[in-house]
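Colleague: First the structure, which I've put down as structure tokens, then a few questions once you've had a look.
The values are calculated or read from the model by the stated rules, or taken from the named source; none is laboratory data. Note that this is a predicted model, so its numbers are computed, not measured. A quick note on method: Cβ atoms are made from the backbone with ideal geometry, for glycine too, and the neighbour counts reach across all protein chains shown.
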Amino acid sequence: MTSTGDNRRTVLVVDDTPDNLSLMSGLLKDTYRVRVANGGERALVIARSDPQPDLILLDVMMPVMDGYEVCRQLKADPASRDIPVVFLTARTDQVDEQIGLELGAVDYITKPISPPIVVARVRNHLQLKHASDVLRNQNAFLEDEVERRTRDVRAIRDAAIVAMASLAETRDNETGNHIRRTQHYVGILADAMAAMPRFRDILVPETVDLLYRSAALHDIGKVGIPDSILLKPGRLTDEEFATMKTHTVLGYEALKSAERSLDNTDMSFLRYAREIALTHHERWDGAGYPQGLAGEAIPLSGRIMTVADVYDALISERVYKPAYPHEVAVRQIEDGRGTQFDPDVVDAFMTVADKLREISESFAD
């Protein structure tokens, strides 16, 4: 009986002839742990039990279930498909050998066996199996490590966004829950637009998530606006408003500067943040600021943010206006379709307007 501490490799021999089982067992038992099965059904049970065999020597000609069917079932089961199978058979036809190899066997040994050849083949295939196991374990480790580091990067990204958004919020006495509301609006609008055929390949789940997170930084540039203008309790003069409008460029430049420190600027999470910061006051008809962009020259992220930002401004109280009811705000957004706003974004807005109202109520000032 093999002791519990036996670390030798395990070979399963499958044959319906007792003499063959005895022969193979006697040949291998001094070097390996040997298990035997006198039929296909028993072989499948052993192959799926713990500990699993490291190699299976499988007779082809067996009653009830032949070796080909046993191999077919082994390879169809994820629990046993990686166990190498070597066929043992008296058949010498190349067609039979081809069938076995196509089923996933790694080798074909003809009977009557040559003991030195069997020992050499078993040793070689166990060495290959060991190397394959090591590689598989290394790949699994690397995949886990990549996933862990990806989680870490995302956590750092999210923390940076929250920190920067909080900084902007503390400077603006009118913001309140504006950042949180508009962030959710953008996520809902982007989700709705992802259902449109022309945006399906653009607004994939990862992009929608980045837009949702990046929306929190749309007013980050207000950090650079003087308090005398940013915190003014009344309407701004034309000169003051001109200064206020520079928050779009200030936000863009700050995020662009941060982005330069990243290895891959084209794919960094700040890409959407800087687009949104710069273009969320542009208009579809070209009458917006700071660049006077029109139509699809405005990044999609900015076009979505514009609708979210204006809707929230309409339903919120400002020093220069009362808070408008949701229905009035919806009408104004709809009236701006094709002039102030991207028609596609407005169409999406109209389908999710009730969800936006729920968000506004959940994060009311």
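Colleague: Restricting the search to the range 101-131, which residues are under 22 Å from Leu23 (Cα atoms), under 42 Å from the mean Cα position of the chain (by Cα) and in a helix (DSSP H, G or I)?
Modeller: Those that are under 22 Å from Leu23 (Cα atoms), under 42 Å from the mean Cα position of the chain (by Cα) and in a helix (DSSP H, G or I): Val122, Arg123, Asn124, His125, Leu126.
Colleague: Checking the condition within 21 Å of His125 (Cβ to Cβ), surrounded by fewer than 19 Cβ atoms within 10 Å (Cβ to Cβ) and within 45 Å of the chain's Cα centre (by Cα), which residue from Pro53, Pro78 passes?
Modeller: Criteria check complete, one pass: Pro78.
Colleague: What number of residues within the range 331-364 are under 21 Å from Ala195 (Cα atoms), surrounded by 20 or more Cβ atoms within 10 Å (Cβ to Cβ) and not charged (D, E, K, R)?
Modeller: The number of residues fulfilling the criteria is 8.
Colleague: Which one of these is out of contact with any Asp or Glu (no Cβ under 7 Å at 6 or more places or on another chain), among the aliphatic types (A, V, I, L, M) and surrounded by fewer than 19 Cβ atoms within 10 Å (Cβ to Cβ): Ala287, Ala277?
Modeller: One residue alone meets the criteria, Ala287.
Colleague: Within the range 46-68, can one find any residue that is without any contact (Cβ under 8 Å) to a residue 60 or more places away in the chain, in the same structural domain as Val119 (by TED's automatic domain parsing), within 25 Å of Val134 (Cα to Cα) and part of a helix (DSSP H, G or I)?
Modeller: yes
Colleague: If you don't mind, another one. Against the definition (assigned to a strand (DSSP E or B), closer than 20 Å to Arg136 by Cβ, in contact (Cβ under 8 Å) with a residue 24 or more places away in the chain and not small (Gly, Ala, Ser)), how does Ile83 come out, yes or no?
Modeller: Considered against the rule, which asks whether it is assigned to a strand (DSSP E or B), closer than 20 Å to Arg136 by Cβ, in contact (Cβ under 8 Å) with a residue 24 or more places away in the chain and not small (Gly, Ala, Ser), Ile83 comes out as no.
Colleague: Quick one: would you say Thr175 is part of a loop (DSSP other than H, G, I, E, B), modelled with pLDDT under 80 and touching a strand residue (DSSP E or B) at 6+ places or on another chain (Cβ under 7 Å)?
Modeller: Judged against the criteria, Thr175 is not a match.
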